[in-house]
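The values are calculated or read from the model by the stated rules, or taken from the named source; none is laboratory data. Since we're looking at a predicted model, the values are computed, not measured. Glycine gets a Cβ as well: all are built from the backbone with ideal geometry, and neighbour counts include every protein chain shown.
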Amino acid sequence: MPCTTRTGGGVEVLAPMIRPNDKDKIRDHYNRVSPYYQALWGEHIHHGYWIQGQETKEQAQDQLIEHLARTAGITPGSSILDVGCGLGGTSIYLAKHYNAKATGITISPIQVEMAKQAAASQGVCAEFLLMDAEEMQFDQCFDVVWSIESISHYENLGRFFSRAAQLVKPGGTMAILDWFKKENLSPKEYRKTLFRVEAGMLVQLHTMGEYESLMRSNGLSLVKQEILNEHCAKTWDLCLDIIRDKSLWTLAAKNGPEFVRFLRTFAAMRAAYASGHFVYGLMVAKS
């Protein structure tokens, strides 16, 4: 989408507007800050899922993985492609607890190396590859194509779902947790609560209905859909507590404006949850 700028001579020219989920920005962001994410949030860089409310964030993060795994019907020994694997924590967990043959992909070379080191240190057999989710190519198909909080980063959802569906075995499963926007959100509501979220978190939010349509057009049938806001909103209470540490802001400033913008968006994330305009959703589909 172009935006209008004005030169010194008063002539208007059209310049391309960089989308919030620009792939190069996302790669650079995770290359820069993944080590700090790990120090602040642990081996999993995704939401937690609170059942009792008193769990630690680490317990809640494991519970999130377990909730998706149970809902998706993951069985021991499954081959799982973890798309947007981050630091490898989920792949390692699934390999440990489900004896899964886990393969994780990410566009960040730093994350690939961190994931490989984590697997080696825990004695887990999991493979991690540098690969673009929109251009995935494998010689094999998988029992499960799995993604937690990654798809909203992608520029071309149609291409991703097409490639992903081709990699699901007949009778296999696609299991997703992702960030969404509420259905039928007005432009005013979007600008008030979600515009800053997209810009700061480097995402473009879609509806769960849009994902279902893309699944269906690629031969996948949605079998389970769930909104998890009630169980996951506490994530951002903890994040707001973490960023009260002033030294973190000094560190962020040394690592570029995107990191600072990211931290500033934590309050916007909490507000988006409170508004009901932001949706943290689970989707499971079958081929």
- Message: Restricting to the range 91-148, count the residues that are without any contact (Cβ under 8 Å) to a residue 40 or more places away in the chain, assigned to a loop (DSSP other than H, G, I, E, B) and of a type in the set (S, T, N, Q).
- Response: 3
- Query: Which members of the range 173-208 meet the condition of being over 13 Å from the mean Cα position of the chain (by Cα) and among the aliphatic types (A, V, I, L, M)?
  - Reply: MET174, LEU185, LEU194, VAL197, ALA199, MET208
- Query: Can we say ILE107 is under 19 Å from GLN137 (Cα atoms), surrounded by fewer than 24 Cβ atoms within 10 Å (Cβ to Cβ) and among the hydrophobic types (A, V, I, L, M, F, W, C)?
  - Reply: yes
- Query: Across the range 243-254, what is the number of residues that are surrounded by 14 or more Cβ atoms within 10 Å (Cβ to Cβ) and either closer than 30 Å to VAL145 by Cβ or out of contact with any Leu (no Cβ under 6 Å at 6 or more places or on another chain) (or both)?
  - Reply: 3
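Looking for something more than 25 Å from THR103 (Cα to Cα) and among the hydrophobic types (A, V, I, L, M, F, W, C) - is there at least one such residue anywhere in the range 172-190?
Within the range 172-190, the subset more than 25 Å from THR103 (Cα to Cα) is 180-190.
When the remaining residues are screened for being among the hydrophobic types (A, V, I, L, M, F, W, C), the result is 180, 185.
Yes, because at least one residue in the range 172-190 is more than 25 Å from THR103 (Cα to Cα) and among the hydrophobic types (A, V, I, L, M, F, W, C).
Working only within the range 73-88, note down all residues that are outside any loop (DSSP other than H, G, I, E, B) and surrounded by fewer than 24 Cβ atoms within 10 Å (Cβ to Cβ). Step through it out loud before you land on a result.
Applying the first criterion (outside any loop (DSSP other than H, G, I, E, B)) to the range 73-88 yields 79-83.
Answer for the range 73-88, where residues must be outside any loop (DSSP other than H, G, I, E, B) and surrounded by fewer than 24 Cβ atoms within 10 Å (Cβ to Cβ): just SER79.
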- Inside the range 1-38, can you point out the residues that are loosely packed, with under 10 Cβ neighbours inside 10 Å, modelled with pLDDT of 80 or more and aliphatic (A, V, I, L, M)? none
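Yes or no: the range 231-238 includes at least one residue that is within 29 Å of ASN184 (Cβ to Cβ), out of contact with any Gly (no Cβ under 8 Å at 6 or more places or on another chain) and touching a residue at least 40 places away in the same chain (Cβ under 8 Å). Spell out the reasoning first.
Step one: of the range 231-238, the residues within 29 Å of ASN184 (Cβ to Cβ) are 231-237.
Narrowing further to those that are out of contact with any Gly (no Cβ under 8 Å at 6 or more places or on another chain): 231, 233, 236-237.
Imposing the further condition that a residue be touching a residue at least 40 places away in the same chain (Cβ under 8 Å) reduces the set to 231, 233.
Yes, that holds for at least one residue.
Considering the range 42-56 alone, what residues qualify as being surrounded by fewer than 18 Cβ atoms within 10 Å (Cβ to Cβ) and either over 16 Å from the mean Cα position of the chain (by Cα) or basic (Lys, Arg) (or both)? If you could, list the steps in order and put the result at the bottom.
Restricting attention to the range 42-56, the residues satisfying the condition of being surrounded by fewer than 18 Cβ atoms within 10 Å (Cβ to Cβ) are 42, 51-56.
Hits for the range 42-56 are ILE51, GLN52, GLY53, GLN54, GLU55, THR56.
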- If we scan the range 269-283, do we find a residue that is buried (at least 19 other Cβ atoms within 10 Å of the Cβ), assigned to a helix (DSSP H, G or I), modelled with pLDDT under 95 and not small (Gly, Ala, Ser)? no
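Taking VAL168 as the residue in question, decide whether it is closer than 26 Å to ALA69 by Cβ and surrounded by fewer than 16 Cβ atoms within 10 Å (Cβ to Cβ). Walk me through how you get there before you give the answer.
Values: closer than 26 Å to ALA69 by Cβ: yes; surrounded by fewer than 16 Cβ atoms within 10 Å (Cβ to Cβ): no.
No.
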- Out of LEU220, LEU228, sole residue that is crowded, with 17+ Cβ neighbours inside 10 Å, within 16 Å of the chain's Cα centre (by Cα) and either in contact (Cβ under 8 Å) with a residue 24 or more places away in the chain or closer than 23 Å to PRO20 by Cβ (or both): LEU228
- Message: Residue pairs, Cβ under 6 Å, 6 or more apart or interchain, first in the range 59-79 and on the phi < 0 side of the Ramachandran plot, second of a type in the set (Val, Ile, Thr) and outside any loop (DSSP other than H, G, I, E, B). List them.
- Response: ILE65/THR90; THR71/VAL284; ALA72/THR173; ALA72/VAL284; SER78/VAL144
